[in-house]
Amino acid sequence: MFKAVIIGFAHMHVNEIAQYIDECEDFTLVGFADVPPETPEKTESRYTRAWNIKNNAEKYNLTPYDDYKVMLDELSPDIAFILCDNANKPKIVEECAKRGVNVSIEKPMSVNLDEALKIKEIVDKYGIEAVVNWPVVWRPYLHKQIAALESGMVGKLIKAFYINGHTGPLGKGAKHRGVTEKAQEMTDTERASTWWYKNETGGGAFLDIGCYGCFFNEWVRDNDDKPLYVTAFSGNYNHPYMNAPDNMAGIIEYKDSFGVVEGTWTVPQASLPKGPVYMCSEGVLYCDENLEVVAMNIYGDKIELPHFDIHPAIKNLPEHYAYCKKTGTPLLKTVTLDFNIRLMRLIDAAMKSANSGKKESVCDE
């Protein structure tokens, strides 16, 4: 049995993660604590940190600790699930590592490459294990789509395209897994007081939503097919009360293919495609509105997909982690630190390009 704690309630994914921990027979949730913001938030509406804390305290009958370090000392957990704002991640990882506590970091790994490398240095120094949770890793239809791509049934990959978005994490009509209700209405002042809308805490659409496009490009490429250059753009068009971008777009250059990524906080989620699109030499793979994978040949005819069985351990991070530890099976590459360091190199170069207005090299060391 793995004893787990949660550190940080800034991210609304905490409601989903807590549920998965609670449902996993190999895990027990023994405690949680927030990482207080530097400036108080002016709202306790649904999906804010105050609401997340109250929701989970009631749901799992746990009293939150006032200090996460005290919690770590008293409970000695096996693993801490970190769901603080992006800027605080290295600090939390270090406090866990000093105590020999393994960590699961909610995506993205950090605010930039330097912070990601700092986390890697801490992990190596103290000899703990660190994984990074990307919610999309646990979607069966995406594994089916990638299996079809890897089978070569539509030829070699030429372009990977992904657009992702919503009205903002606390935007109008926003809804997140683990909770049935949508976000409540808030004023601009209330939203602006939360970390999501502050560049200095790692907020904004680039790190929240644009990172997924980079992720999908890296997921389908092997270790030798590394991103070479990226040209990106970002801007704020509908959130004058925040200092971070609410839209981004980028083009990633690989040796024999390329990727196009977009992230937005200015559209209803229902209006967007349901997954990545892989355009290949002999056809295309995409996901329809029912989350079914569709394969189409170069003539525009739908073709039958190969049979694919999803592994039962690909369900969520706690289930996967427990299965791998019990069986000695390697973790999926997408949750490993090495994969996420490589991914942060790409995300970091994209953010630099958006700031410089120039094509940026994706450095490899």
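The values are calculated or read from the model by the stated rules, or taken from the named source; none is laboratory data. Since this is a predicted model, take the numbers as computed values, not measurements. Heads up, the Cβs are rebuilt from the backbone with ideal geometry, glycines too, and the neighbour counts pull from every protein chain shown.
Please indicate, with yes or no, whether at least one residue in the stretch 49-58 is under 16 Å from the mean Cα position of the chain (by Cα), crowded, with 17+ Cβ neighbours inside 10 Å and closer than 28 Å to Ala313 by Cβ.
No: the stretch 49-58 contains no residue that is under 16 Å from the mean Cα position of the chain (by Cα), crowded, with 17+ Cβ neighbours inside 10 Å and closer than 28 Å to Ala313 by Cβ.
Quick one: in the stretch 235-266, which of the residues that are under 20 Å from the mean Cα position of the chain (by Cα) and of a type in the set (D, E, K, R) is farthest from Thr201 (Cα to Cα)?
That would be Glu262.
Look at Glu289 and say whether it is surrounded by 19 or more Cβ atoms within 10 Å (Cβ to Cβ) and either out of contact with any helix residue (DSSP H, G or I) (no Cβ under 9 Å at 6 or more places or on another chain) or not assigned by TED's automatic domain parsing to the domain that holds Glu25 (or both).
Numbers: surrounded by 19 or more Cβ atoms within 10 Å (Cβ to Cβ): no; either out of contact with any helix residue (DSSP H, G or I) (no Cβ under 9 Å at 6 or more places or on another chain) or not assigned by TED's automatic domain parsing to the domain that holds Glu25 (or both): yes.
No, not satisfied.
Let's see how each residue does on (1) free of Cβ contacts under 8 Å to residues at least 24 places away in the same chain; (2) crowded, with 23+ Cβ neighbours inside 10 Å; (3) not in a loop (DSSP other than H, G, I, E, B):
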site	(1), (2), (3)
Cys211	no, yes, yes
Phe215	no, yes, yes
Asp224	yes, no, no
Pro227	no, yes, no
Tyr241	no, no, no
Pro245	no, yes, no
Ile251	yes, no, yes
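If only one of Val137, Val154 is β-branched (Val, Ile, Thr), in contact with a Phe, Trp or Tyr (Cβ under 8 Å, 6 or more places away or on another chain) and at pLDDT 95 or above, which one is it?
Answer to the selection: Val154.
Restricting attention to the stretch 27-48, does a residue exist that is over 19 Å from Ser193 (Cα atoms) and of a type in the set (D, E, K, R)?
Checking the stretch 27-48: not a single residue is over 19 Å from Ser193 (Cα atoms) and of a type in the set (D, E, K, R).
Of everything in the stretch 197-209 that's more than 14 Å from the chain's Cα centre (by Cα) and buried (at least 19 other Cβ atoms within 10 Å of the Cβ), which residue is nearest to Glu106 (Cα to Cα)?
Thr201
Out of curiosity, is Ala183 at pLDDT below 95 and buried (at least 18 other Cβ atoms within 10 Å of the Cβ)?
Yes: the conditions hold for Ala183.
Against the definition (in contact (Cβ under 8 Å) with a residue 60 or more places away in the chain and surrounded by fewer than 23 Cβ atoms within 10 Å (Cβ to Cβ)), how does Lys125 come out, yes or no? Talk me through it step by step, then tell me what you get.
Working: in contact (Cβ under 8 Å) with a residue 60 or more places away in the chain: no; surrounded by fewer than 23 Cβ atoms within 10 Å (Cβ to Cβ): yes.
For Lys125, the condition - in contact (Cβ under 8 Å) with a residue 60 or more places away in the chain and surrounded by fewer than 23 Cβ atoms within 10 Å (Cβ to Cβ) - is not met.
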